[in-house]
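Report on one structure; see the data block that follows.
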């Protein structure tokens with residue numbers, strides 16, 4: 001077992017709002033080396049769920065454990081976020097005044113997981129190599145999403161969280177990007193959790209849940 005949720009409920013949601021959820025107010029285990037899909041309508045708490053697991057928000061009742069350690073008892077999340085969990089945020093969390101390459105290098109510089117040649121190869125595979133030295137502020141939303149995904153796979157992880165990661169990417173590039181994410185996740189014998197409104201994209205999921 002990698003992550004375990006015990007009777008988790010967002011504090012801002014009533015029990016009637018989550019009565020149809022497969023996850024909230026239930027016991028839910030996220031196992032190593034599996035692919036999970038979480039579907040839910042807008043406002044159902046998908047982003048909150050990922051933020052809870054990432055330790056970004058503790059605005060919930062119940063308990064969440066990572067490798068049997070209660071997240072609420074972890075005082076320093078730096079190692080947890082640096083080497084255990086990677087996250088493609090819905091709002092991307094990119095720095096507009098930095099270039100695509102600089103955004104990717106921010107975390108990679110700490111771990112030296114990929115060298116510049118390897119990052120260049122990813123930029124080419126994602127069809128944004130020509131944007132390597134462009135400021136994020138000058139790039140389209142689809143290009144920014146691809147930068148955020150490259151940044152996420154350029155670190156070691158046991159769990160990768162994807163929050164609506166392809167909303168501005170065309171279908172052809174979604175297929176390419178999905179294949180790279182799957183390859184990287186399997187290389188690390190890691191777990192993938194995708195939160196989305198309705199599209200399952202090109203992944204093959206072991207477990208499907210609804211919020």
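Residues that are more than 20 Å from residue 192 (Cα to Cα) and touching a strand residue (DSSP E or B) at 6+ places or on another chain (Cβ under 6 Å): find the strands (runs of 3 or more DSSP E) completely inside segment 12-87 holding 2 or more of those.
60-66
Do we have any residue at all in segment 120-132 that's touching a strand residue (DSSP E or B) at 6+ places or on another chain (Cβ under 9 Å), modelled with pLDDT of 95 or more and farther than 30 Å from residue 65 by Cβ?
Looking through segment 120-132, at least one residue is touching a strand residue (DSSP E or B) at 6+ places or on another chain (Cβ under 9 Å), modelled with pLDDT of 95 or more and farther than 30 Å from residue 65 by Cβ.
Tally the residues that are in contact with a strand residue (DSSP E or B) (Cβ under 7 Å, 6 or more places away or on another chain), on the phi < 0 side of the Ramachandran plot and in a loop (DSSP other than H, G, I, E, B), restricting the search to segment 159-196.
Final tally of qualifying residues: 2.
Testing residue 109 on (1) surrounded by 14 or more Cβ atoms within 10 Å (Cβ to Cβ); (2) part of a helix (DSSP H, G or I), one condition comes back false. Which one is that?
Among (1) surrounded by 14 or more Cβ atoms within 10 Å (Cβ to Cβ); (2) part of a helix (DSSP H, G or I), the lone unmet condition for residue 109 is (1).
Return the residue satisfying two criteria in turn: it lies in segment 7-28 and is crowded, with 17+ Cβ neighbours inside 10 Å and within 22 Å of the chain's Cα centre (by Cα), and of such residues it is farthest from residue 67 (Cα to Cα).
Once the filter is applied, the top-ranked residue is 21.
Suppose we filter 80, 36 for residues that are over 30 Å from residue 16 (Cβ atoms) and out of contact with any helix residue (DSSP H, G or I) (no Cβ under 7 Å at 6 or more places or on another chain); which single one remains?
80
Taking into account only those residues within segment 130-150 that are touching a helix residue (DSSP H, G or I) at 6+ places or on another chain (Cβ under 7 Å), without any contact (Cβ under 8 Å) to a residue 60 or more places away in the chain and surrounded by 19 or more Cβ atoms within 10 Å (Cβ to Cβ), which is farthest from residue 119 (Cα to Cα)?
Among those that are touching a helix residue (DSSP H, G or I) at 6+ places or on another chain (Cβ under 7 Å), without any contact (Cβ under 8 Å) to a residue 60 or more places away in the chain and surrounded by 19 or more Cβ atoms within 10 Å (Cβ to Cβ), it is 139.
Is one or more of the residues making up segment 81-94 under 22 Å from residue 161 (Cβ atoms), over 17 Å from the mean Cα position of the chain (by Cα) and either without any contact (Cβ under 8 Å) to a residue 12 or more places away in the chain or surrounded by fewer than 16 Cβ atoms within 10 Å (Cβ to Cβ) (or both)?
no
The values are calculated or read from the model by the stated rules, or taken from the named source; none is laboratory data. Remember, it's a predicted structure, so these values are computed and weren't measured experimentally. Heads up, the Cβs are rebuilt from the backbone with ideal geometry, glycines too, and the neighbour counts pull from every protein chain shown.
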